[in-house]
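Before any comments, here is the structure.
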Amino acid sequence: MRIKLPPTWKSNTLRLIFIPVVCVKKLGYLVRTVMPSEKFEKVLVLKNINKMESDNMTQNNSRAELVRSSEETKNTQSERTIKDVKIREWIMVFILCFVNLINYMDRFTLAGILDDIQSYFHVSNDKGGLLQTAFILSYMIFAPIFGYLGDRYSRKNIMAFGVFLWCLMTLIGSFMKNYWFFLLFRALVGIGEASYSTIAPTIISDLFVGDVRSKMLAFFYFAIPVGSGLGYIVGSETAKALGQWQWALRVTPILGVIAVLLIFFVLKDPERGQSEGSSHIQTTPWTEDMKDLVKNRSFMISTAGFTCVTFVAGALAWWGPKFIEKGLKLQPDANNVDIGSSTFIFGAITMLAGLVGLTLGCYLSQKLKPRYPKVDPIICGVGLFISAPLLLGTTFAVTYNIALCYVLLFLGQVALNLNWSIVSDILLYIVLPTRRSTAEGFQLLVSHALGDAGSPYLIGCMSDAILILLNKSSDSEWNEFKALQYALFTTCFVEIVGAFFFLVNALYILEDKHKVDKAIQEVTEFGGTIQGELVFNQTTATD
């Protein structure tokens, strides 16, 4: 592909403008060559009818049959129960869950060996937190890119590439002896993980609807707490067993190779929107997709609430094990406390609390939604309101009663984990099928940019700054604990803000869900594409 330069290309200003354009065009050509766009079948019923009239052909009842067929398909899908799920579909869900599990294992392995890493590279809390922040920054930047690609190209190939990339970068990073090179490879890991997280939930949405979809999403998001907990456990225990923290980073790449093979050879990429009988919807330009999402009040407000959740979860996951270990050392009977197993116990509590929280959130949503259709965001908001004082109590109990500390930590994380599958379910029923990967990418960008991308680093910087103020005392261990405790108080305030966003979301969610359902029905019945402003930019009397 040859591109002719303009006569004035030597101008510095024009050169800076023109060269990126050339690069983007070549990149687009490469993407189209390597990953050909999937062909979306466009329904042209009305045009065909007009053509038949002009050709004096006898019309038949084909449009009515099409409408009846799509309605029957939708009704059949909505009436399915978990017992009706086919073995092939179970296998696909299992693969997605397995990859999500090792995804979060890899992400939080470093948290289980953070002290060892800081000692090895001789860095303080701010650079310790920067490791996670660098990972999340690349993760959130590339999430919208993979969201765009996921709505238009082969999702299976994109996921296989992403999983292979993060496995390779994790493995290479484990051999780095310089902190800044190690930081670089942790950032590259985020690129690979972004490709998977934006796309996997949309595949589940294209396989199931209704209660079955909610249950499968809950099953999928079990991998978050379970994988996170296993990351702490595998990281700390592998480092202890083999005597080097680097070996902890070489476990998930082995599992990742298995995941790549399963995705490439076993996983099937379903048609977008097939579970809702809207597989004929054609994609629209990215600018129109983003315009629609920004005007979607429920999507934007739930994204704001979810951002608060990720802020708290990121800070707690990264600094929780270290904070508890420091608190246990200050207990009156510290000699009788097994401080070495604190990371293992923290990981076990994280797994158990996640399983209970996700199950409870899914159960409450399915039981209460028939009577209270707005209940999804209310469950999320109430969960955050309950979690804030429980986690606050955990920070005080850790220095004098270990049993009470673990109980409060468990209950606080249960309340925090109520929302994971619910937030994803909300996104899927308030966004059109052909925009869901884009919406996932945008939500990941915002929630991580303002959430867990900065919270580990921010908490680390705050604790270091507070430690400087407290250094007048001679008890350095007490000062380090108090500095980290005061910094973690920020998370409780953020939870209250997130709860407010979710409760506001309850005011709009039914209206926005109705608009999406109506748009899908109209396009399915009368064919063609969805115009960019069809759903959230129209002010008709019916709305």
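The values are calculated or read from the model by the stated rules, or taken from the named source; none is laboratory data. Keep in mind it's a predicted model, so treat the numbers as computed, not measured. Note: accessible area is taken over every heavy atom of the protein model, side chains too, but ligands, DNA and RNA are not part of it. Shrake-Rupley method; radii C 1.70, N 1.55, O 1.52, S 1.80 Å.
Here the relative contact order of segment 335-426, from alpha carbon pairs under 8 Å that lie six or more residues apart, stands at 41 percent.
Expressed as a whole percent, the accessible surface of segment 368-426 that belongs to carbon and sulfur atoms is 77, based on a 1.4 Å probe. What the pair-distance distribution of segment 339-441 shows, using all Cα-Cα distances binned every 10 Å from zero, is 15, 37, 28, 15, 5, 0 percent. Less than 5 angstrom separates the built amide H of residue 154 from those of 38, all sequence-distant by 5 or more or on a different chain.
Counting protein heavy atoms only, segment 111-202 has 72 percent of its accessible area on carbon and sulfur, 1.4 angstrom probe.
Accessible surface comparison of 122, 448, probe 1.4 Å, protein chains only, largest first: the order is 122, 448. For segment 354-363, putting each phi into the Karplus relation 6.51 cos²θ - 1.76 cosθ + 1.60 with θ = phi - 60° gives couplings of x, 4, 5, x, 5, 5, 5, x, 5, 5 Hz, in residue order, rounded to whole numbers and with x for Gly and Pro.
Measuring against 30 Å, Cα to Cα, the residue pairs 83/268; 127/156; 291/367; 374/518; 83/295 contain 127/156; 291/367; 83/295 as the ones spanning a longer distance.
In the full protein context, segment 180-313 carries 32 Å² of accessible surface per residue, based on a 1.4 Å probe and ignoring ligands, DNA and RNA. A simple rule links phi to the HN-Hα coupling: the Karplus curve 6.51 cos²θ - 1.76 cosθ + 1.60 with θ = phi - 60°, which for segment 255-260 gives 5, x, 4, 4, 4, 4 Hz, with x for Gly and Pro. The residues of segment 394-487 expose, per residue, 34 Å² of accessible area to a 1.4 Å probe.
Measuring with a 1.4 angstrom probe and ignoring ligands and nucleic acids, residue 486 comes out at about 90 Å² accessible. Averaged over its residues, segment 87-161 has an accessible area of 32 Å² per residue, based on protein heavy atoms and a 1.4 Å probe.
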